[in-house]
Amino acid sequence: MISSYSDLIKATESEQEPQRLLFVFCRAELPDDASAEEKAAFERGEGGALTPVICVDKAPQEASQFSALVEESRTTGQSWDVVFVAAMSGRGGTPPSSDEAQQPMTMMVESIRMGHISNYLPLDTDGNAVNLG
């Protein structure tokens with residue numbers, strides 16, 4: 001069971017094939033047509049829509065510390081509330097390249113926009129897994 005970013009990094013190290021991590025940082029936003037009830041829930045930190053604002057792929061060794069990843073994300077000037085993470089496996093001992101990660105990353109962003117998030121690990125700004133169900 002993966003409950004934190006450090007658990008994820010440990011899991012990638014135990015995989016037979018080298019991994020590449022895909023990150024989609026999202027900001028919680030309230031839709032323009034939100035009802036008063038939805039606005040009140042959003043003010044309590046509930047509900048809203050997750051909008052992708054940053055995406056990046058990295059080898060696990062490039063992002064071994066969540067704090068460094070957070071710091072790098074802050075340099076973009078984009079605030080975020082949740083980051084979704086997925087892993088890609090390499091083949092024959094060769095890790096996936098950044099170029100190979102582009103199409104899966106695009107698909108990941110689109111599925112998050114559509115609300116299909118069950119295949120990804122959602123983490124809060126401290127690197128802890130969150131339940132968005």
Specify which labelled value, from (i) 1.21; (ii) 1.10; (iii) 1.28, agrees with Cα Rg over 2.2 N^0.38 Å derived from the coordinates of the model shown. (ii)
Amide H neighbours of residue 54 at under 5 Å, excluding residues fewer than 5 places away on the same chain, with H built from the backbone geometry, are 25
Length-normalised contact order for the chain - Cα pairs under 8 Å, 6+ apart - percent: 37 percent
On a 0 to 90° scale, report how tilted helix 98-113 is relative to the longest principal axis of the chain, with both axes built from alpha carbons and the result rounded to the nearest 10. 20 degrees
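Mind checking the full-extension length gain between residue 94 and residue 107? Use 0.36 nm per residue of separation minus the Cα-Cα distance, one decimal, nm. Walk me through the numbers before you get to the answer.
Values: separation 13, 0.36 × 13 = 4.68 nm, distance 2.23 nm.
Going from the current span to full extension adds 2.4 nm.
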If I stretch the segment between residue 13 and residue 125 completely, what's the gain in nm (0.36 nm per residue apart, minus their alpha carbon distance), one decimal? 38.0 nm
Summing -39500 (n - 2.57) over every DSSP H run of at least 4 residues in the chain and dividing by its residue count gives a helix-only mean residue ellipticity at 222 nm, to the nearest 500 deg cm²/dmol, of -9500 deg cm²/dmol
Identify the residues of segment 1-43 with backbone N under 20 Å of a label point that sits 7 angstrom from the Cα of residue 68 along the Cα-to-Cβ direction, or state none. 4-15, 18-25
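Order by neighbour count: 24, 53, fewest other Cβ atoms within 10 Å first, most last. Mind dumping the intermediate values first?
Working: 24 26, 53 17.
Least to most surrounded, the residues fall as 53, 24.
The numbers here are math on the coordinates, done by the rules we state, and not lab data. It should be emphasised that the depicted structure is a prediction, and the values quoted were computed from it without experimental measurement. Methodologically, a virtual Cβ is constructed for each residue, glycine included, from the backbone with ideal geometry; neighbour enumeration extends over all protein chains shown.
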